[in-house]
Amino acid sequence: MEFFRSILITGGAGFIGSNFVRYIFGRRPECRITVLDALTYAGNLENLAGILDDPRVKFIKGSICDAEAVRAAFEGCDAVFNFAAETHVDRSIQEAGSFIQTDVYGTYTLLREAQARGVERFVQISTDEVYGSSAGESFVVRSPLEPGNPYSASKCGGDLMCRAFHNTYGTPVVVTRSSNNFGPWQHVEKFIPLFVTNTLEGKDLPLYGDGMHRRDWLYVEDHCSALELVALEGRTGEVYNIASGESRPNLEVAGIILDSLGAPRSRIVFIEDRKGHDRVYAMDASKLEALGWKPRHDFAESLERTVAWYRDNRGWWERVKSGAFRDYYERHYREKLKKGTIHGS
Ligand code: NAD
Ligand code: DAU
């Protein structure tokens, strides 16, 4: 099926957004791409190295909350993929205002412009966290939304605003809810990059609680292929879950990372749990699979490739880990690590 001639990718300097820019750039040579990104602490132009100079790609620094910047970014675009968000649960527990601003109000600002322009498609990148923690069931798109932390509540706001715009004005929205992504260019504040880079630096790995919280791990390229498909084949006004079925407890993932870098389990330190920590995320992705999608990347192989990427791209993450992140790490982990329990002791 023919892809769009010109798309807007918000949050395209972040982890999944930049992977999606590369994915579309490589697969859709006829498509022009505009990236709108505020370059918050999580945005990084290095994630788009080698792409930004191409005449098919235009970068605009600006916020999705700023109607003027949004108007300029929409110019000539047929479809929008909204990745822009505040995304880290721990930071939302410390301060939720910026999450509500970007994830709810920013989404509303984009929807308003999309509606005024009559774009062909608005893809909202939402999350499995909107369902809250699973007690054994796999959530389907009609399951109740029971977010358990300020990040997921904010994402719910954006997700539901999309529903409201479709219902009220007929805006051609599709919402996707994805499980935990991993892969290259993920910010080091997140579990897998933090644990890989801490191992490479000879530091401890701060594991929350008993380490038995489970996540469904999706390789980022499989997320990109799902988004491309949903944009083309998904039904307007519908929601699609995106999950790999590769559910693992955090302790097991930490063990795999240590093994692959030849480091001992004693590097794991069990620390005070995250407040309101969702125990398990689990979704049924059969509605998406019925469109013809399936994840193509094996978990163990992809995790190994991801570990190798961080090992081979030390300059990238050392720059991310310096400066403001160092202060964040000290504030968030220092005392907890002192009081923690070393694995096996
Ligand atoms: P990220 O934190 O790596 O990137 C977010 C990007 O958005 C950054 O480039 C940042 O500069 C930009 N941004 C933040 N506020 C902005 C604003 N007001 N205006 C414009 N740009 C702004 O996030 P990610 O992990 O790549 O997640 C991307 C999207 O996917 C988010 O919407 C997130 O909720 C969703 N999601 C992520 C995962 C995951 O596992 N990472 C899973 C499901 C859904
Ligand atoms: O499920 C999708 C969501 O996945 C996305 O919507 C979010 O944007 C994304 O950040 C991610 O949220 P999580 O909270 O699941 O991801 P995080 O990488 O922060 O943590 C993964 C698991 O690892 C979680 O159970 C908490 C645990 N953890 C995390 C960190 C940062 C630790 O044990 N120690 C840590 O230091």
Would a scan of the range 316-334 turn up a residue that is of a type in the set (S, T, N, Q), over 20 Å from ASN241 (Cβ atoms) and out of contact with any helix residue (DSSP H, G or I) (no Cβ under 9 Å at 6 or more places or on another chain)? yes
Among what's in the range 13-37 and is within 16 Å of ligand 2 (Cβ to nearest atom) and in a loop (DSSP other than H, G, I, E, B), pick the residue that is farthest from the chain's Cα centre (by Cα). ALA13
Name the one entry in ARG265, ARG235, ARG274, ARG296 that is in contact with a Leu (Cβ under 7 Å, 6 or more places away or on another chain), exposed (fewer than 15 other Cβ atoms within 10 Å of the Cβ) and not aliphatic (A, V, I, L, M). ARG265
Given (1) part of a loop (DSSP other than H, G, I, E, B); (2) under 19 Å from PHE122 (Cα atoms), number of the condition PHE81 does not satisfy: (1)
Residues satisfying the stated conditions in the range 1-51, i.e. of a type in the set (A, V, I, L, M), buried (at least 17 other Cβ atoms within 10 Å of the Cβ) and more than 7 Å from ligand 1 (Cβ to nearest atom): ILE7, LEU8, ILE9, VAL21, ILE24, ILE33, VAL35, LEU48, ILE51
Could you list all residues from the range 190-246 that are of a type in the set (Lys, Arg) and either on the phi > 0 side of the Ramachandran plot or more than 14 Å from ligand 2 (Cβ to nearest atom) (or both)? ARG235
So, of the residues in the range 170-186 that are more than 9 Å from ligand 2 (Cβ to nearest atom) and in a loop (DSSP other than H, G, I, E, B), which turns out to be farthest from PRO295 (Cα to Cα)? GLY170
Within the range 189-213, count every residue that is buried (at least 20 other Cβ atoms within 10 Å of the Cβ) and either of a type in the set (A, V, I, L, M, F, W, C) or part of a strand (DSSP E or B) (or both). 8
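Each reported figure results from applying straightforward, stated rules to the coordinates on display, with no laboratory input. All values reported here derive from a predicted model rather than from experimental measurement. Cβ: placed from backbone, ideal geometry, glycine included. Neighbour counts: every protein chain shown.
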